[in-house]
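Everything below concerns the one structure shown next.
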Ligand SMILES: [Zn+2]
């Protein structure tokens with residue numbers, strides 16, 4: 001079944017798996033002086049490192065079908 005949520009359009013170019021993928025992300029976390037944090041958001045770009053969890057093929061998210 002094709003991905004329709006946050007991995008929409010993405011598929012491993014090596015084994016055709018539709019995920020999950022390991023993606024190098026930029027995360028924003030609300031950090032206080034006492035170390036308490038609150039997850040805010042995670043983002044990745046077409047040139048972010050991406051690896052298929054099924055076959056371990058690694059490339060960029062663009063190579064997995066993420067559109068610019
Ligand atoms: Zn794969």
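Every number in this text was worked out from the coordinates using simple rules, so none of it is lab data. What you see is a predicted model, and the numbers here were worked out from it, not measured in a lab. Here the Cβ positions follow ideal geometry from the backbone for every residue, glycine too, while neighbour counts run over all protein chains shown.
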* Asked: With a 10 Å Cβ neighbour count serving as the proxy for reagent exposure, in which order, fewest first, do 6, 23 appear?
  -> 6, 23
* Within 10 Å, count the other beta carbons around each residue, average over each peptide in 29-35, 42-48, and list them highest first. => 42-48, 29-35
* Simple spin-label model, 7 Å along Cα-to-Cβ: residue 53 to residue 26 in nm? -> 2.4
* Structure fact -> Relative contact order of the chain (C-alpha contacts under 8 Å, at least 6 apart) in percent is 33
